[in-house]
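What follows is one structure encoded as structure tokens, with my remarks underneath.
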Amino acid sequence: MRLMIAGGGGFRVPLVYRALASPAFAGTVSELVLFDVDPARLSAITAVLKSMPDADNGALRPTVRTTSSLPEALSGAQMVFAAIRPGGTAGRVADERVAQDLGLLGQETTGAGGISYALRTIPEMLSLARQMQEHCPDAWLINFTNPAGMVTEALLPVLGPRVIGICDSAGGLVHRAARAAGITLQEGNLDGVGYYGLNHLGWLYRLESGGRDVLPELLSDANALASFEEGRLFPQPFLAGLGALPNEYLFYYYQRESATAAMRAMAQTRGQSIHDQQSGLYPRLAAAGTDAYRLWDEARRSREEGYLAEARTHGEQRDEDDLAGGGYERVALAVMRALAGGPPEAGQAQLILNTRNSLPPGPEGTGPAAPEPAIPGLPADAVVEVPCTITPDGAVPLPQSAPPEEQLALLRRVKEVEQLTVQAAASGDRTAAVEAFSRHPLVDSAELGAALLAGYESEFPALQRLWRRGPDGQQS
């Protein structure tokens, strides 16, 4: 199989390359094509791949080809991974800073920063999807690009079911909770796991072992909760009352004021830290020769340890258990393997993914007239994040329980914001963009919504061109 990565100079690409030689995925990909608009980043990542130690199991990794021509990269691809960041890490810094300067939460994918990120990313991803239609119409797109839920929803009108969004956050939560509860989950099987939400906004509400839900016991055990990151983010009595384990990004909703204050007190934002690290790292990698992989791996570990640092106010460090749970690369490759058919025992898998909220119809003549939603209470055509079964035909969401009213209200509000953002980015609708900022529950102000968009337009002039283009090429 030929796998193409859009954003091939990205920091996480070596994780994919390394995983391709693991026993689970060895031999799945024969050629890896790396596409990036920045040749210098491609050179740096190529140096890392060349210096990577041989796999312990002796498996051969795929051949690697790099290019800055998108048509060339897409030609013949059967699978496309997309992990792009228009504006680079400097753009992330601006996403965070504009919100913080207005006294709001400054975070990459949550709140105002996530809307800004989506507004400049969706047009680029739509361009990629249209070129896929031209150069590799039968290929699947596995989308890493954040904000993953919004980007995936924007691509559905172009690619239909051939686009699947992934994130390792929800799957990591499930595996860490299972380990804390003392149970073992079979790889690729989520029977007995209940999880509903949107990307970076979801809850684990059921965790069965032997037909018995062990989640209530875990939520009542302060020591067990303290053994993993999500359990430490929230007070134990709060979790017990909630009856669910929130995704780590709900820290920004449930503890909004403390999160905002902690971010403002930090010497650097998360984006600034990563920008400084990568600005110095990439030139060093390109010139490091056989030492490139070691330098990259040290930077990777430092970057992962700094994740959600604003929630660790007493200097705690993430441990190996916090870092476990699969990772983007293994989630993406598991999806790829199942889509490709794989060996009989790996021909399908169950994973938490971003896909349309529509259950498959029943046998002909027995199903409902309209699609039933996997998450009751949310639109069936919206993209949600739920456990899915992956087969060569695509991702099929598994039915979930109806969320309690408070959770459902938050999901509906954020989904409304996501759909306004997609409308703004896909059709050049500035009014929808202002409404998206204003309606977000972490903003909730028409005045702030207008100020946010003005701030982001100043940082990203391309937004002004997006509005001028409009849905029909006329002034918006």
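Couple of notes before you dig in:
- When we screen Leu34, Leu102 for residues that are buried (at least 18 other Cβ atoms within 10 Å of the Cβ) and assigned by TED's automatic domain parsing to the domain that holds Arg130, the only hit is Leu34.
- Extreme residue, surrounded by the fewest Cβ atoms within 10 Å (Cβ to Cβ), among residues of segment 241-273 that are in contact (Cβ under 8 Å) with a residue 60 or more places away in the chain and of a type in the set (S, T, N, Q): Gln272
- Screening segment 152-225 for strands (runs of 3 or more DSSP E) wholly inside it with 2 or more residues that are out of contact with any helix residue (DSSP H, G or I) (no Cβ under 6 Å at 6 or more places or on another chain) and buried (at least 18 other Cβ atoms within 10 Å of the Cβ) returns the ranges 193-198, 201-209.
- Restricting attention to segment 137-151 and to residues that are part of a helix (DSSP H, G or I) and touching a helix residue (DSSP H, G or I) at 6+ places or on another chain (Cβ under 9 Å), the residue that is nearest to Ile5 (Cα to Cα) turns out to be Val151.
- Any hit, segment 68-84, residues being among the charged types (D, E, K, R), in contact (Cβ under 8 Å) with a residue 60 or more places away in the chain and on the phi < 0 side of the Ramachandran plot: no
- Scanning segment 2-30 for residues that are more than 17 Å from Arg301 (Cβ to Cβ), out of contact with any Cys (no Cβ under 9 Å at 6 or more places or on another chain) and among the hydrophobic types (A, V, I, L, M, F, W, C) turns up Leu3, Ile5, Ala6, Val16, Leu20, Ala21, Ala24, Phe25, Ala26, Val29.
- Condition check for Glu457: assigned to a helix (DSSP H, G or I) and within 21 Å of Tyr253 (Cβ to Cβ): no
- Scanning segment 399-420 finds no residues that are of a type in the set (D, E, K, R) and not in a helix (DSSP H, G or I).
- Qualifying residue in segment 455-472 (condition: free of Cβ contacts under 8 Å to residues at least 40 places away in the same chain, at positive phi and not assigned by TED's automatic domain parsing to the domain that holds Asn143): no
- First in segment 140-156 and under 17 Å from Asp381 (Cβ atoms), second anywhere and of a type in the set (Asp, Glu), Cβ under 7 Å, 6 or more apart: Gly149/Glu385; Gly149/Glu418; Met150/Glu418; Glu153/Glu418
- Condition met for Gln278 (over 19 Å from Leu410 (Cα atoms) and part of a loop (DSSP other than H, G, I, E, B)): no
- If the condition is being buried (at least 19 other Cβ atoms within 10 Å of the Cβ) and either within 10 Å of Ile122 (Cβ to Cβ) or charged (D, E, K, R) (or both), then segment 411-422 contributes Lys415, Glu418, Thr421, Val422.
- Pairs with Cβ under 8 Å, 6+ apart, first in segment 274-285 and under 16 Å from Arg92 (Cβ atoms), second among the β-branched types (Val, Ile, Thr): Ile274/Thr89; His275/Thr89; His275/Val93; Gln278/Thr89; Ser279/Thr89
- One residue stands out in segment 47-79 among those that are polar (S, T, N, Q) and at pLDDT 95 or above: the one that is nearest to Arg162 (Cα to Cα), namely Gln78.
- Failed criterion for Val16 (all others in (1) surrounded by fewer than 21 Cβ atoms within 10 Å (Cβ to Cβ); (2) part of a helix (DSSP H, G or I) hold): (1)
- Exclusive hit being in a loop (DSSP other than H, G, I, E, B) and surrounded by 15 or more Cβ atoms within 10 Å (Cβ to Cβ), set Thr66, Thr46, Thr28, Thr89: Thr28
- The set of residues in segment 173-199 being within 20 Å of Pro373 (Cβ to Cβ) and in contact with a Gly (Cβ under 8 Å, 6 or more places away or on another chain) consists of Tyr195, Tyr196, Leu198, Asn199.
The values are calculated or read from the model by the stated rules, or taken from the named source; none is laboratory data. Nothing here was measured: the structure is a model prediction, and the numbers come from that model. Ideal geometry is used to build each Cβ from the backbone, glycine not excepted, and the neighbour counts take in all protein chains shown.
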